[in-house]
1. Aspartates and glutamates near K295 by alpha-carbon distance under 18 Å, same-chain residues fewer than 8 away left out - which ones?
2. Give me the one-decimal Kirkwood hydrodynamic radius in Å for region 250-341, with the sum taken over alpha-carbon pairs.
3. Picking from G242, G141, G155, which is most flexible by a Gaussian network model of the chain using Cα springs under 10 Å?
4. Can you tell me the 0 to 90 degree angle between the C-alpha axis of helix 2-16 and the longest principal axis of the chain, rounded to 10?
5. Between T137 and T268, what is the label-point separation in nm under the 7 Å Cα-to-beta-carbon projection?
6. Under a plain spin-label model, where a point goes 7 Å from the Cα along Cα-to-Cβ, how far apart in nm are S154 and S325?
7. Two decimals is fine: what is log10 I(q)/I(0) at q = 0.18, 0.24, 0.26 Å⁻¹ for region 21-102, from a Debye sum with one equal scatterer on every Cα and no solvent?
8. Normalized C-alpha radius of gyration of the chain, against 2.2 N^0.38 Å?
Amino acid sequence: MKKFLFLLLALLASNCFAVTVNLSAPAANSTVGGTFTLQASASSGYPIVGWHAYLDSVNVYTAGKTGYISGNVSASAGTHQLVVRAWDSTGAYGDRTISINVGGGGAPTGGNPPATGGPMPTPPSYAKVFSNIDQMTSGWGACGSTACAGGSGSGGYWQAFNQTSPSMDGRSMELYRDGVWGNSLWFKKMGAINTVTNFLWDFYVQLDSASLTAAQALEFDAFQFLNGYNYMIGTECNYAAGVWDTWSEASGHWLHTNIPCPKFAPGTWHHIQWYMTTNHNNHSYTYVKLIVDGKVYTLNQTQYAKNLGWGNNLGAQWQLDVNASGRGYHEWVDRATLTVW
């Protein structure tokens with residue numbers, strides 16, 4: 001009996017302190033570029049002390065004492081098995097195993113545009129990095145009126161910080177909006193850095209189940225105001241149209257791209273990365289590349305800024321749009337980083 005109790009306690013202990021690995025990118029069964037982004041987090045009752053990633057049983061990535069990893073992995077075209085494994089200080093480990101397809105110029109499954117172009121550029125050492133914007137609890141602006149955010153202006157909205165669930169790092173930002181055709185915008189200005197022309201916009205979002213029937217569009221923007229010109233590098237996942245849209249500041253309209261944006265599966269984190277540039281000589285901005293859950297899309301689409309006379313600044317913003325249902329829904333944002341140079 002004592003031996004049985006000892007075994008039972010040992011099993012319970014191992015279950016309590018098992019290592020759990022969550023793989024954010026790439027997504028299972030996705031098509032990625034020849035060099036793709038690897039991002040994962042791990043949790044345990046003890047400190048995480050090591051990581052390995054294996055591609056077809058070959059070690060392709062190693063990291064040490066960290067609960068979160070982010071890096072690039074290169075692979076040849078074809079289907080591969082990816083195993084991401086983390087260890088804690090007791091020697092216990094956990095892993096996540098998926099299959100991925102490395103594109104060789106063809107289209108991903110489902111008729112999506114080719115996932116091409118490789119990873120995002122590596123910022124230079126002098127780049128300015130605004131990390132964990134979702135954890136910056138002061139200095140935000142918010143609006144829900146027609147004049148500011150569009151829409152009908154009906155309904156209510158709010159913003160909450162330091163949400164522990166759902167969260168990737170223990171502190172997410174929660175946004176909420178309801179009301180028939182109601183829109184709300186939340187924006188964070190970082191201050192003027194007038195010389196920068198490169199923007200890496202990287203964050204995770206999670207939606208609730210109500211979003212599947214209540215959301216009209218989810219907007220994610222970076223912006224730069226310089227010498228009166230508004231470089232509003234706006235993007236949105238247009239739920240109504242099922243594609244990604246980009247913003248034309250000069251014309252004041254959203255433009256459809258050919259990049260699909262089906263409704264995000266609720267209850268799971270989705271990784272969105274944008275690389276954009278501005279050109280201060282001709283007052284233009286270019287959407288260069290988008291990566292969604294590990295799928296890479298190259299746009300190279302240029303739009304033009306508009307002179308609104310606003311003071312110099314730069315920053316990022318999120319917006320929730322509600323459809324005719326008027327039903328409220330929630331969005332959580334985590335690990336939001338804007339890197340500029």
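Just so you know, all these numbers are worked out from the coordinates, no wet-lab data involved. Here the structure is a predicted model, which means the values were calculated and not measured. For neighbour counting, all protein chains shown are included, and Cβ atoms are generated from backbone atoms with ideal geometry for every residue, glycine included.
1. Hits, sequence-local ones excluded: D202, E236, D245.
2. Numbers: mean 1/r = 0.0618 Å⁻¹.
When all Cα pairs of region 250-341 are included, the Kirkwood radius is 16.2 Å.
3. Comparing G242, G141, G155 in a Gaussian network model of the chain, the most mobile one is G141.
4. So the helix axis and the longest Cα principal axis differ by about 20 degrees.
5. My value for the distance between the label points is 3.2 nm.
6. About 1.6 nm separates the two model spin labels.
7. Here log10 of I(q) over I(0) equals -0.66, -1.10, -1.26.
8. Ratio of Rg to 2.2 N^0.38 Å for the chain: 1.06.
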